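The values are calculated or read from the model by the stated rules, or taken from the named source; none is laboratory data. From a predicted model like this one, the values you see are computed outputs, not experimental measurements. Please note: Cβ atoms are built from the backbone with ideal geometry, for glycine as well, and neighbour counts cover all protein chains shown.
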Amino acid sequence: MPIDLARNWWALALRGAAALLFGLIALIWPPSAVAALVLLFGAYAFADGIFNLIAAVRAPREGKRWGSLAFEGVVSLLAGVLTFFWPAITAFALVMLVASWSLITGIAEIVAAIRLRKHIEHEWLLGLSGVLSVAFGVLLFLLPAAGAIALAIWIGAYAVAFGVLLIGLGFRLRSWARSHQQQGPGAAVPQPA
């Protein structure tokens, strides 16, 4: 499993780049209308879902797909599709949708990090991104009356931090794959000095 995940490090890095781009757009140009934020979130959630499903399909574990990534991908795709079909959604409904999505994907990321810790060092990046997602969801549930500009700034800051963490994890997996590829399957793993 860790080798397959590391071979597909680019899917996590692309997912992180999408989050980072979304976050920067939300921070630089806070939407003046909730509809613009809904469409921006929908596009991000849809892209996030696609990248998660790609990672799940390409990371088989003992003949099975990696369930938490697939689940997270489906939830993200559904969140994206729902926002496109109901663009006139109210600010409250948007906050609840984003909060629910953030909680569910955060829990899935924490579960994936726990499974990954048995195979790769420094998997804490994925766990931290899951904790960040859960915390963001709880914050949105606690403060649902936030205005569109405040919501755009919160979502932007969250997406930037989340994107940076996923990009870091992707490149960490890339380094891990290269070091294990150079060592070969039967080579001894060097111990730190």
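Among (1) modelled with pLDDT under 80; (2) assigned to a helix (DSSP H, G or I); (3) of a type in the set (A, V, I, L, M, F, W, C), where does F51 come up short?
Looking at each condition in turn, F51 falls short on (1).
Given the options F22, F85, F41, name the one that is under 28 Å from L143 (Cβ atoms), surrounded by fewer than 16 Cβ atoms within 10 Å (Cβ to Cβ) and modelled with pLDDT under 85. Full working, then the answer.
Details: F22 fails: surrounded by fewer than 16 Cβ atoms within 10 Å (Cβ to Cβ); F41 fails: surrounded by fewer than 16 Cβ atoms within 10 Å (Cβ to Cβ).
Just a single option satisfies the conditions, and that option is F85.
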